[in-house]
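The values are calculated or read from the model by the stated rules, or taken from the named source; none is laboratory data. This structure is a prediction, so every number in the text was calculated from the model and none was measured. Note that we place each Cβ from the backbone using ideal geometry, even for glycine, and neighbour counts take in every protein chain shown.
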There are 2 protein chains.
Amino acid sequence: MDNILRIIMGPEGGPKATVIPVGEYAGIGGRALTSAIVSKEVPPLCHPLGADNKLVFAPGLLSGTAAAMSGRLSVGCKSPLTGGIKEANSGGQASQTLARLGYAAIVLEGAPKDDNIYKIFINKDGVEINLDNSLKMLGNYAVVEKMKAEYGDKIACISIGPAGEMKMCAASVACTDMELRPTRHAGRGGVGAVMGAKGVKVIVLDDSGMKMRSPKDPDKFREANKNWVDGLKKHPVTGEGLPAYGTNVLTNILNEAGAYPTKNFSLGQFAGSSKISGETEAATETTRGGSATHGCHRGCVIQCSGIYMDKNGQYLTKQPEYETVWAHGGNCGIDDLDAIAMLDRLDDDYGLDTIEMGATIGVAMEAGVAKFGDAQAAISLVHEVGKGTPLGRILGNGAAVTGKAFGVERVPVVKNQALPAYDPRGVQGIGVTYATSTMGADHTAGYAVTANILKVGGYVNPLTPEGQVELSRNLQIATAAVDATGMCLFIAFAVLDQPETFQALLDMLNAFYGLNLTGDDVTALGKSILKNERNFNTKAGFTPAHDRLPEFFKKELLPPHNVTFKVRDEDLDTVFNW
Amino acid sequence: MDNILRIIMGPEGGPKATVIPVGEYAGIGGRALTSAIVSKEVPPLCHPLGADNKLVFAPGLLSGTAAAMSGRLSVGCKSPLTGGIKEANSGGQASQTLARLGYAAIVLEGAPKDDNIYKIFINKDGVEINLDNSLKMLGNYAVVEKMKAEYGDKIACISIGPAGEMKMCAASVACTDMELRPTRHAGRGGVGAVMGAKGVKVIVLDDSGMKMRSPKDPDKFREANKNWVDGLKKHPVTGEGLPAYGTNVLTNILNEAGAYPTKNFSLGQFAGSSKISGETEAATETTRGGSATHGCHRGCVIQCSGIYMDKNGQYLTKQPEYETVWAHGGNCGIDDLDAIAMLDRLDDDYGLDTIEMGATIGVAMEAGVAKFGDAQAAISLVHEVGKGTPLGRILGNGAAVTGKAFGVERVPVVKNQALPAYDPRGVQGIGVTYATSTMGADHTAGYAVTANILKVGGYVNPLTPEGQVELSRNLQIATAAVDATGMCLFIAFAVLDQPETFQALLDMLNAFYGLNLTGDDVTALGKSILKNERNFNTKAGFTPAHDRLPEFFKKELLPPHNVTFKVRDEDLDTVFNW
């Protein structure tokens, strides 16, 4: 990973690729690298769909190595949804492949002068950029099929669907999984719209002939990796819960906690939860010949995913995540798992963030566009988005635009980004993260559900304001650092509870790079990433006034606990005082 | 004007009206009063369509007196379009009538608990609030006809059309003119949406039995008013240009100056300008039996308006203003004056800001929704808005939402509000006002076209950055003060050039209230209004980053002068350093 591949779209004579040594960006990866490049090179007030924005794809520091769980790819830019900096990351095969090809990052720059779209092929011999308008408005599944026919099946693809081409703020960037299906997404913040604005439909990566990245100290690295895997396997969440039921194990847990946002955040419990829970999902998958335990990339030992078959036993989609099941399920009053799986498939194919889409449909239902609980209407609405009808243009640009279009007051967004599947009144720690994260409302930015609900990494009462700021602060710092390593965030369960597993991660980094990092260095790395991001956002016009939840969370009581969000504004403003 | 009428929507048992002495708000009027109430009473982070926002209607200090030109009504709130404070003002009869009824302001507060809509009738005997769902989704013209049938023709109406009921960000508040037509609008910032959110369709004012407000020193007041009228009549703009051709006299002037935004701000001159100029408009009106010289309220001596008949000699609309003709004309490549007049009529009837709508259609045309120059398509698009179709929901929420929905990069807005009819590259002084005004892009907030183009109040080269900040600063201060008096802004032409006419205005205020105001007091008043507004906006999250034009004005050269906007960011940040 000694080079950065910069691809300039739009100069005379067509796009140009140049390979440049990492230079000043040496020694950082993933979110640390995307946020460093964006904060240094992108003018904070530029139009996110304009030539001055840059789209950065960066594997983590351990991607492309033998380290288990190191398959996350960070995608960064100025977000067309939030107007601030964005890093969304994705599983799948792309990160490992890109890292093995030797690139610390791909940066898409400039803007095309016309409506042509391009495919980019990268292998050991270099980079080819070809105009291919036959790909226009294809879904991600069809794009990948075409790439497979063209380049064989030893590839990984990074692509956008029609939503990205239409530059919608809910558009995701898809990465292919081990079966070469576009089921893994850098979902949030409209990163797909930025790829669309660059005129790039798909990046095809082929690492044939390249080797796994080799550590400075192979023996130490091998031993640390073994301890790492052992640690993950012995923790109940990463060793049992996630493999058995996937992330959707959370439906019953959050519903019981009364923090499961139901019908556009108007209730904290959903009557139909058992019909869409992880337990039901796993049983459905197994019965139909799918699988309830499956990984998204080679080197995954948690295997939190699965394969979801339709009623006829045909592949429909990967196992929908908890947040997807919530967004299209309880949040819309829908308790039909097959419909939710179909919505997941459609989102993946059109290239849409499932969280933003579910939240958006919830707002549209509140506006009366469809009825809560009407699964077929929800499916039709996602097709509207994929077709780019006027209604689809509204919905495809997310919950904030939809709220504006229909004059809705209860719009669950922070910095224009929809809140995920945990009501901040029932999980006050995650409310702090939603409000203050550099990314807009984002559960992955500081997953306080751990201590608030799961009693991982300690316990903080979820219904009172005490201790939430400190909890969120520490998690936001740690998460930023994890996002720099290429590690799947689910390692955090084991790392938070088991000091020796955290040490194993440090040992891997030290053995690989010949370093002597301590826990303090990891904290410093996390802080430096957040500082870069906050600097960008400040210049983009963000203030403490943007670090707030929508007012209805402070005014409307959430049943069954009948609580409001109680963390005070002045305390939210201390999250980044460290 | 000793009392404030507060109407609380939504308590148990229906809306409640209370009359409260002005108290702490004594001695201020118009924009000074609306901005004082909003900045003191409205939480800056509240949802603009929620119960915590307030909608304030305030006549100016001289409204309801015999002072010529004193008929402006200020409408203030937190804006659903910009998210900041808003004052939009309107001509017509409402301001004088409300003032004579003794109210310094009407404040609509709270929010209804259901979908019912109300009419409010105010006369010398008090206030009646009645539920009347028969008014639902009526256009402004039909609403006024119903009120006339119900309350007689000695009334003035303040109403919203379907756009306001649908809480669209481009929704205006309409005021009736002397012929009891809803042709005068507080257009900008979505004030109509806030009235819709309060569940109020129309406020009917009847000042029968009330007298004109009487000055402390009637003789001095009478003499000052005479000097005032003489001054207005002798200035070439207020005495000749505006009476003869109305504001649309500017089409030829701005087009010749190369500062006429054409086809969504891509050109500075419009080939079809002569077909839609003020000269052509006046001739068309006269030929068809309309009128090219007409006032919007009793006491107007400038008479800048007119009556526009259709091809059959039937009343179609009042004389469309320059900004309307530009917005629906040159900005959309449309050179058909009858179509533009029809668009003006539709905007008035649906209750829409003509500037926002024209700018929005320009963005939609750039996105390919319709072709530049297609007048019938533009008419269809406004009908979509009035009907509230999904496409109409996009367009009715303004240029920024439309740009987002269709992924357009060239979106001419500041603080989400569309730029009016003067390209900031060709009139750099107005660019400073657009960028820095507390209102979002607003030509009336500091009309630097005076010194830049019209050579009124001095001359500052419009194409270079020198002197523009000072020009805009002084005009923004003076305008805020004028907006407090109830005076039509067009008095500024005479006041800027003729010291004795400015003195006549001071003399009227002093004679009416028994004061000894000097020019310095007027400046201090303007500054205090801007300070209130800036304070609110800061708490609402606005920063210097929001005091910027969209980047394309700095990057794209505007033909024919091939200039960009050159005022530096650091100089924009000094506008409010006084």
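So, in region A:284-311, how many residues would count as being closer than 20 Å to A:ASN225 by Cα and not in a loop (DSSP other than H, G, I, E, B)? Break it down stepwise before answering.
Going residue by residue through region A:284-311, those that are closer than 20 Å to A:ASN225 by Cα are A:295-304.
In the following step, the residues that additionally are not in a loop (DSSP other than H, G, I, E, B) were identified as A:304.
Here the count works out to 1.
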Could you give every pair whose Cβ atoms fall below 8 Å, whose first residue belongs to region B:557-578 and is within 15 Å of B:GLU256 (Cα to Cα), and whose second residue is at pLDDT 95 or above and of a type in the set (Ser, Thr, Tyr), counting only separations of at least 6 or pairs across chains?
-> B:LEU558/B:THR564
Find the residue count for region B:186-217, including only residues that are closer than 17 Å to B:LEU98 by Cβ and in a strand (DSSP E or B).
-> 6
A:PRO21 vs. criteria in the same structural domain as A:MET166 (by TED's automatic domain parsing) and touching a residue at least 40 places away in the same chain (Cβ under 8 Å) = no
Every residue from region B:383-397 that is more than 8 Å from every other protein chain (Cβ to nearest Cβ) and among the basic types (Lys, Arg) = B:LYS387
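Condition first: in a loop (DSSP other than H, G, I, E, B) and either over 23 Å from the mean Cα position of the chain (by Cα) or surrounded by fewer than 24 Cβ atoms within 10 Å (Cβ to Cβ) (or both). Now tell me which residues in region B:406-419 satisfy that.
Filtering region B:406-419 for residues in a loop (DSSP other than H, G, I, E, B) gives B:407-412, B:415-416, B:419.
If the condition is that a residue be in a loop (DSSP other than H, G, I, E, B) and either over 23 Å from the mean Cα position of the chain (by Cα) or surrounded by fewer than 24 Cβ atoms within 10 Å (Cβ to Cβ) (or both), then B:GLY407, B:VAL408, B:GLU409, B:ARG410 are the ones that fit.
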Check whether at least one residue in region B:317-334 is surrounded by fewer than 24 Cβ atoms within 10 Å (Cβ to Cβ), of a type outside the set (Val, Ile, Thr) and closer than 30 Å to B:PRO236 by Cβ, and report yes or no.
-> yes
Looking only at region B:42-64, and only at residues there that are more than 9 Å from every other protein chain (Cβ to nearest Cβ) and free of Cβ contacts under 8 Å to residues at least 60 places away in the same chain, the one that is surrounded by the fewest Cβ atoms within 10 Å (Cβ to Cβ) | B:LYS54
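Each row is one residue, and each column tells you yes or no for (1) assigned to a helix (DSSP H, G or I); (2) in contact with an Asp or Glu (Cβ under 8 Å, 6 or more places away or on another chain); (3) of a type in the set (S, T, N, Q); (4) more than 14 Å from chain B (Cβ to nearest Cβ).
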{"residue": "A:ALA399", "(1), (2), (3), (4)": "yes, yes, no, no"}
{"residue": "A:LYS404", "(1), (2), (3), (4)": "yes, no, no, no"}
{"residue": "A:ALA421", "(1), (2), (3), (4)": "no, yes, no, yes"}
{"residue": "A:ASN452", "(1), (2), (3), (4)": "yes, no, yes, yes"}
{"residue": "A:VAL456", "(1), (2), (3), (4)": "no, yes, no, yes"}
{"residue": "A:ASN461", "(1), (2), (3), (4)": "no, no, yes, yes"}
{"residue": "A:VAL469", "(1), (2), (3), (4)": "yes, yes, no, yes"}
{"residue": "A:ASN474", "(1), (2), (3), (4)": "yes, no, yes, yes"}
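Is one or more of the residues making up region A:12-27 part of a helix (DSSP H, G or I) and within 24 Å of the chain's Cα centre (by Cα)?
Within region A:12-27, the subset part of a helix (DSSP H, G or I) is A:23-25.
This time we only want the ones that are within 24 Å of the chain's Cα centre (by Cα), so: A:25.
The answer is yes, given that some residue of region A:12-27 is part of a helix (DSSP H, G or I) and within 24 Å of the chain's Cα centre (by Cα).
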Kindly indicate whether A:PRO243 is part of a helix (DSSP H, G or I), in contact with a strand residue (DSSP E or B) (Cβ under 9 Å, 6 or more places away or on another chain) and not aliphatic (A, V, I, L, M).
-> yes
Selection within region B:473-509 - of a type outside the set (A, V, I, L, M, F, W, C) and either closer than 29 Å to B:ALA26 by Cα or touching a strand residue (DSSP E or B) at 6+ places or on another chain (Cβ under 8 Å) (or both) = B:ARG473, B:ASN474, B:GLN476, B:THR479, B:ASP483, B:THR485, B:GLY486, B:PRO499, B:GLU500, B:THR501, B:GLN503, B:ASP507
Of all residues in region B:72-90, count the ones that are surrounded by 24 or more Cβ atoms within 10 Å (Cβ to Cβ), part of a loop (DSSP other than H, G, I, E, B) and not charged (D, E, K, R).
-> 5
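Can you confirm whether A:PRO112 is in contact (Cβ under 8 Å) with a residue 12 or more places away in the chain, touching a helix residue (DSSP H, G or I) at 6+ places or on another chain (Cβ under 6 Å) and within 14 Å of chain B (Cβ to nearest Cβ)? Break it down into steps so the answer makes sense when it comes.
Working: in contact (Cβ under 8 Å) with a residue 12 or more places away in the chain: yes; touching a helix residue (DSSP H, G or I) at 6+ places or on another chain (Cβ under 6 Å): no; within 14 Å of chain B (Cβ to nearest Cβ): yes.
The answer is no for A:PRO112.
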Read through the list (1) of a type in the set (A, V, I, L, M); (2) within 30 Å of B:MET195 (Cα to Cα); (3) away from chain B (no Cβ under 11 Å); (4) in contact with a Ser or Thr (Cβ under 8 Å, 6 or more places away or on another chain), then give the number of the only condition that A:ILE430 fails.
-> (2)
For B:LYS233, indicate whether it is in contact with an Asp or Glu (Cβ under 7 Å, 6 or more places away or on another chain), basic (Lys, Arg), at pLDDT 95 or above and part of a helix (DSSP H, G or I).
-> no
Of all residues in region A:362-376, which are in a helix (DSSP H, G or I) and either in contact (Cβ under 8 Å) with a residue 40 or more places away in the chain or within 14 Å of chain B (Cβ to nearest Cβ) (or both)?
-> A:GLY362, A:VAL363, A:ALA364, A:MET365, A:GLU366, A:ALA375
Sole exception among (1) surrounded by fewer than 24 Cβ atoms within 10 Å (Cβ to Cβ); (2) in contact (Cβ under 8 Å) with a residue 60 or more places away in the chain for A:PRO390, by number | (2)
Is it the case that region B:182-189 has a residue that's surrounded by fewer than 24 Cβ atoms within 10 Å (Cβ to Cβ) and either modelled with pLDDT under 95 or more than 19 Å from B:LYS86 (Cα to Cα) (or both)?
-> no
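Just one of B:TYR459, B:TYR422, B:TYR447, B:TYR434 is at pLDDT 95 or above and touching a strand residue (DSSP E or B) at 6+ places or on another chain (Cβ under 7 Å); which is it?
On the way: B:TYR459 fails: touching a strand residue (DSSP E or B) at 6+ places or on another chain (Cβ under 7 Å); B:TYR422 fails: touching a strand residue (DSSP E or B) at 6+ places or on another chain (Cβ under 7 Å); B:TYR447 fails: touching a strand residue (DSSP E or B) at 6+ places or on another chain (Cβ under 7 Å).
After applying the criteria, what remains is B:TYR434.
Does at least one position in region A:521-531 carry a residue that is acidic (Asp, Glu) and without any contact (Cβ under 8 Å) to a residue 24 or more places away in the chain? Can you show your working first?
Filtering region A:521-531 down to residues acidic (Asp, Glu) leaves A:521.
After this cut, where a residue has to be without any contact (Cβ under 8 Å) to a residue 24 or more places away in the chain as well, the list is A:521.
Yes, some residue in region A:521-531 is acidic (Asp, Glu) and without any contact (Cβ under 8 Å) to a residue 24 or more places away in the chain.
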Pairs returned, first residue in region A:145-161 that is in contact (Cβ under 8 Å) with a residue 24 or more places away in the chain, second residue that is part of a helix (DSSP H, G or I) and among the aromatic types (Phe, Trp, Tyr), beta-carbon separation under 6 angstrom, 6 or more apart or interchain, are A:GLY161/A:TYR350
Extreme residue, nearest to the other protein chains (Cβ to nearest Cβ), among residues of region B:537-560 that are surrounded by fewer than 21 Cβ atoms within 10 Å (Cβ to Cβ) and assigned to a helix (DSSP H, G or I) = B:ALA545
Across region A:268-278, what is the total count of residues that are over 12 Å from A:PRO243 (Cα atoms) and part of a helix (DSSP H, G or I)?
-> 4
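Would you point out which residue out of B:THR433, B:THR485 is within 22 Å of B:ARG548 (Cα to Cα), out of contact with any Cys (no Cβ under 6 Å at 6 or more places or on another chain) and not assigned by TED's automatic domain parsing to the domain that holds B:LEU73?
Numbers: B:THR485 fails: within 22 Å of B:ARG548 (Cα to Cα).
It is B:THR433.
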